[in-house]
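Only one structure is covered here, and it is reproduced in the block below.
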Amino acid sequence: MTWRIYLPLFLIGLVTALAVACLQSVPGYMDADYYYVGGLQLVNGHGFNEPFLWNYLDDPAGLPHPSHTYWMPLASIVAAIGMFLTGQLTYAAARLGFILIAACIPPLTAALAYKLTSRQDLALVSGLLAPFSIYHAPFMSVTDNFGIYMLLGGLLCILLARSGNLSIFMLGAVAGLLNLARSDGLLWFGMILFFIFFKMYEDHDGSPLSVRTFISFARKLIPAVVGYLLVMAPWFWRNLSVFGRLMAPGGGHLLWLKDYNETFIYPASQLTFESWLQAGWRAALFARLSALKWNLLNAFAAQGGIVLFPFIVLGLWQLRRDIRTRLVVVAWLVLLAVMTLVFPFAGQRGGFFHAGAAFQPFWWSVAPLGLDSVIIWTRRRGWFTPQAFRIFRLTMIGLVFTLTILLVLIRVVVPGWGKDETHYAQIEQVLLSHDAKPDEIAFVRNPPGYFIVNGRSTIVVPDGDEHIILEVANRYHARYLVLEKEGVLLSLKDLYDHPQDHPLFRYLGEIHATRIFAIETQP
């Protein structure tokens with residue numbers, strides 16, 4: 001494998017990422033909005049603080065609020081680097097690093113495929129699958145973790161199977177970056193520990209493990225731990241300084257969710273083991289069965305690329321004796337279990353899709369090998385000529401390319417990317433026409449998205465009724481309520497449907513089925 005292969009793959013990845021980026025003038029959804037605002041705050045010298053609240057899990061004291069208490073900061077750091085280097089605070093500058101990362105994934109995938117198969121022809125096919133990532137394509141150029149996770153996951157898989165101290169140190173550092181990108185990145189550090197233990201056991205030919213063996217294992221851990229802490233220690237220090245603990249508070253409440261909307265519950269202290277038990281085992285079982293269904297569909301469609309799925313499975317079987325394959329499959333199963341049993345609501349609402357991106361380079365690397373195994377099987381029966389290899393490989397690439405175009409049309413072009421946020425400027429004009437002051441706070445569905453458009457501090461509409469709205473408004477001094485038709489809670493449906501009938505909420509008007517209120521009296 002030479003630069004004559006890697007460079008064209010990089011350019012194809014770059015052109016693909018730029019083509020999709022041209023259709024996306026805004027981040028488009030709350031996760032990407034959040035990371036963009038986080039980058040803006042860093043470049044503007046505000047540090048890891050945010051001018052809004054998008055949940056109440058850590059019982060926030062007020063605004064500004066310490067940032068990244070739920071999501072991790074790496075994507076915001078990448079966005080900040082792009083803006084810092086260009087000297088611009090635009091979204092185009094913020095996503096510069098994400099576009100370059102997306103361009104690096106095809107050559108990285110080819111390099112991983114070559115490491116796995118030692119075949120340049122298969123590596124090239126794998127590299128050509130990566131730019132056309134089907135369900136991931138709309139998200140590769142935005143300020144989110146998809147590209148970051150793919151790049152780091154692929155790099156970690158390349159480093160696996162090496163047991164030298166430098167390689168183990170690099171594995172620890174990459175695991176640290178994965179953790180800095182997402183909380184579930186910690187699972188990858190666990191996989192590295194399992195890898196070190198497995199290699200140690202393999203080196204002893206399966207003989208009984210002695211105390212000396214475990215001492216050797218502990219020594220092997222040191223480079224991995226050093227690499228991991230080199231990345232994560234500054235973030236742990238920040239959390240200790242701000243919260244007095246290594247991890248930001250509030251995350252533990254997610255264990256006791258009874259439905260997804262409780263992510264926005266106020267106060268979060270209602271989320272307890274006792275309240276979870278009161279919901280009954282049937283509700284818990286139904287939630288996990290639903291999560292399993294959606295996560296498996298995600299595995300087939302998004303991670304498996306629909307047409308690639310059977311060939312990925314066959315490719316994994318072909319490489320079943322490779323330690324990297326075993327580790328990756330085990331890690332994927334652990335992730336599936338965590339996103340199904342522990343965090344079922346987050347898992348089926350995008351968590352498994354996000355976290356699973358780290359495995360994509362490996363899936364693309366093994367898919368051509370699986371296809372070849374089918375062609376070899378059919379040729380033994382005299383069904384095809386030797387040209388079948390080239391024809392079916394090109395067909396595979398063509399199908400993936402076509403599906404990617406269709407998904408971009410369906411997700412980006414036809415609905416209009418970020419259309420839900422484009423009317424926020426009109427909503428702001430309604431507020432200003434009613435003498436809203438710039439420092440007055442409003443309830444909205446997407447606080448970071450509203451801040452990007454208008455620069456107004458906002459807080460998320462809590463999961464609760466009108467009394468909860470008034471209680472939260474009183475605590476955080478919110479003056480306005482914006483209810484978007486999409487996502488209106490059942491507890492607020494009467495307020496939305498009959499906006500004139502609630503004296504404590506003065507109806508100001510409607511923009512594209514979004515109803516706007518001034519909160520007249522706060523208890």
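Can you spot a residue in the stretch 263-274 that is in contact with a strand residue (DSSP E or B) (Cβ under 6 Å, 6 or more places away or on another chain) and either surrounded by fewer than 18 Cβ atoms within 10 Å (Cβ to Cβ) or not small (G, A, S) (or both)?
Yes, the stretch 263-274 contains at least one residue that is in contact with a strand residue (DSSP E or B) (Cβ under 6 Å, 6 or more places away or on another chain) and either surrounded by fewer than 18 Cβ atoms within 10 Å (Cβ to Cβ) or not small (G, A, S) (or both).
What residue, of V26, V37, V78, is at pLDDT below 95, within 30 Å of Y135 (Cβ to Cβ) and among the aliphatic types (A, V, I, L, M)?
Selected residue: V26, the only one of V26, V37, V78 that is at pLDDT below 95, within 30 Å of Y135 (Cβ to Cβ) and among the aliphatic types (A, V, I, L, M).
Tell me which helices (runs of 4 or more DSSP H) are completely within the stretch 1-94 and hold 3 or more residues being over 28 Å from G244 (Cβ atoms) and in contact (Cβ under 8 Å) with a residue 60 or more places away in the chain, or say none if there are none.
Those helices (runs of 4 or more DSSP H) span 3-21, 30-43.
Might you let me know whether the stretch 225-240 holds any residue that is without any contact (Cβ under 8 Å) to a residue 40 or more places away in the chain and in the same structural domain as Y70 (by TED's automatic domain parsing)?
Taking every residue of the stretch 225-240 in turn, none turns out to be without any contact (Cβ under 8 Å) to a residue 40 or more places away in the chain and in the same structural domain as Y70 (by TED's automatic domain parsing).
I'd like the residue in the stretch 24-51 that is over 20 Å from N145 (Cβ atoms) and in contact with a Phe, Trp or Tyr (Cβ under 8 Å, 6 or more places away or on another chain) and, out of all such residues, is surrounded by the most Cβ atoms within 10 Å (Cβ to Cβ).
Among them, the one singled out is P51.
Is the stretch 295-317 home to any residue that is within 28 Å of L193 (Cα to Cα), more than 18 Å from the chain's Cα centre (by Cα) and not aliphatic (A, V, I, L, M)?
yes
Here are the criteria: (1) surrounded by 13 or more Cβ atoms within 10 Å (Cβ to Cβ); (2) more than 20 Å from the chain's Cα centre (by Cα); (3) among the small types (G, A, S). Tell me which single one G280 does not satisfy.
(1)
Taking the options V444, V366, name whichever one is buried (at least 21 other Cβ atoms within 10 Å of the Cβ) and without any contact (Cβ under 8 Å) to a residue 60 or more places away in the chain.
V444
Among the numbered conditions (1) in the same structural domain as D31 (by TED's automatic domain parsing); (2) crowded, with 20+ Cβ neighbours inside 10 Å, tell me where L409 comes up short.
Checking L409 against (1) in the same structural domain as D31 (by TED's automatic domain parsing); (2) crowded, with 20+ Cβ neighbours inside 10 Å, the one that fails is (2).
Determine which single condition V488 fails, assuming it passes every other condition in (1) of a type outside the set (F, W, Y); (2) without any contact (Cβ under 8 Å) to a residue 12 or more places away in the chain; (3) within 23 Å of Y36 (Cβ to Cβ).
(3)
The values are calculated or read from the model by the stated rules, or taken from the named source; none is laboratory data. Computed from a predicted structure; not experimentally measured. Virtual Cβ from ideal backbone geometry, glycine too; neighbours counted across all protein chains shown.
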